[in-house]
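Read the structure below first, then the notes.
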Amino acid sequence: MVDWKKSLVSSATGVGLAAAALIGVAAPGVAFGADWHLNSGITEEFTYDDNYRLDPSNQQSLWGFNTRPHVGIESHAPRTDLYLNGSLNYGYFPDTTSQNSFDQSADVTLNHRATRDTLGVSANVSHETTRSTEAFDTGTNFTDASRIGTGASGSWSHVLTERMSAGLGASASYVTYDTNALDDYRNFSGGPFISYVLTEKDSVSFSGTYSRYDRLTGLSLTSDYVVGKGTWSHVFTPQLSGSVSGGANYTMTDEDVQNGPSVVSTTSNNVGYDAGATITYTEERASLSGTYTHTVVPSGLGRVQERNSVGLFANYRATPLVSVGFNTSFIQQDSADNTSGGRNFVTAEPSLSWNFLPDWSARIAYRFRTQEQSGEGRAYSNGGVASVSWRLPSWSPGQGK
């Protein structure tokens, strides 16, 4: 059970500290911005799932409500843009109170443009009172796995010639959990990139990245990654475009190994690779995009994973106020030695959206999921969401005068 008094106090404290820090960073930008706006809104969502843990032998249903208010500030000057956002999510599930949540997040982004240079920096902080790793290696739902994460990133690009530009990018994150099922960690990555316009329809880019992963709980585990990647993009028609990419990675990673009654860490070196493709079609009333990736890289646990993933995202505006959408994704994953870590996951979600008033919208969606993991049977899940959103009119100083 969640101790709601402690949760509310710690959440409020976290929001207050995050807001104070971000306001301290953002205030100068808002002051010098010749044009700034306040954007905010709220979404109320009902959700249901007949097997929310995707357990093949013990199905558990879940129903409840999520309330999501958010607020954003935009400040625009001739060369500088500032964005400050904050959001909350309060989840209430009457029959499964262990999944109740009170999550907060805040982020700030600053972009500055010079004659030939562009600089961007951002920072974020978040607190989540429940945690699901569905999108990651384990595909497991953890109850009461409170997560606190902080991160920062920066990038700089410079126009070398009319067709060529280059720059640097870096990011860092620090994440802690209050459960032994998930490990605290810190991560850093950074490196150079260069892009070149070949023709009016073709462009290429190359990047090199070094990443460092440190596990901070349990046995000491460190992973170092060196990745090189290239991407070619092509515009087929004004509506249709696509790209292909590929790269190689070299990793030096620690790995947990069972040695009799105890677990020890060993170090291994591996060479991996990745390849992918995307295609996008956009017209006045419809959009369609698809992605495919194939990767062989170590996971955060140090074991080499081989993963294929496919995604398809479609939207069609049937009338000026009504749109239909369909999203689906597929993940097939195995360990490199095919002994553990296997996962086969599919999700599909058709939806209908209706802007029934200028600042009001509604959405309903059906969500299907199925998953099979190593040593387990196949699980199925049927669920859905229904939501109503209200976007408050944008406000700025002097408006209405």
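Structural remarks
- Hits in segment 47-95 - residues which are of a type in the set (D, E, K, R) and either part of a strand (DSSP E or B) or closer than 27 Å to A106 by Cα (or both): D49, R68, E74, R79, D81
- Residues located in segment 365-386, provided they are part of a strand (DSSP E or B) and over 15 Å from D49 (Cβ atoms): E372, Q373, R378
- Residue in segment 84-106 that is within 23 Å of S153 (Cβ to Cβ), more than 24 Å from the chain's Cα centre (by Cα) and crowded, with 18+ Cβ neighbours inside 10 Å present: no
- Spans of strands (runs of 3 or more DSSP E) in segment 137-225 with at least 2 residues at pLDDT 90 or above and within 30 Å of R53 (Cα to Cα): 147-159, 164-177, 185-197
- Search result, residues across segment 228-244 that are touching a residue at least 40 places away in the same chain (Cβ under 8 Å) and either β-branched (V, I, T) or assigned to a loop (DSSP other than H, G, I, E, B) (or both): Q239
- Residue match in segment 27-42 (condition: modelled with pLDDT of 95 or more and aliphatic (A, V, I, L, M)): yes
- Any hit, segment 321-344, residues being among the β-branched types (V, I, T), over 26 Å from Y380 (Cα atoms) and at pLDDT 95 or above: yes
- Members of segment 97-111 found to be at pLDDT below 90 and over 12 Å from F65 (Cβ atoms), listed by number: T97, S98
- Residue in segment 301-313 that is modelled with pLDDT of 95 or more and either among the aromatic types (F, W, Y) or closer than 23 Å to N66 by Cβ (or both) present: yes
- Pick from segment 107-128, criterion in a strand (DSSP E or B) and hydroxyl-bearing (S, T, Y), ranking: nearest to the chain's Cα centre (by Cα): S126
The values are calculated or read from the model by the stated rules, or taken from the named source; none is laboratory data. Nothing here was measured: the structure is a model prediction, and the numbers come from that model. Here the Cβ is made from the backbone with ideal geometry for all residues, glycine too, and neighbour counts use every protein chain on show.
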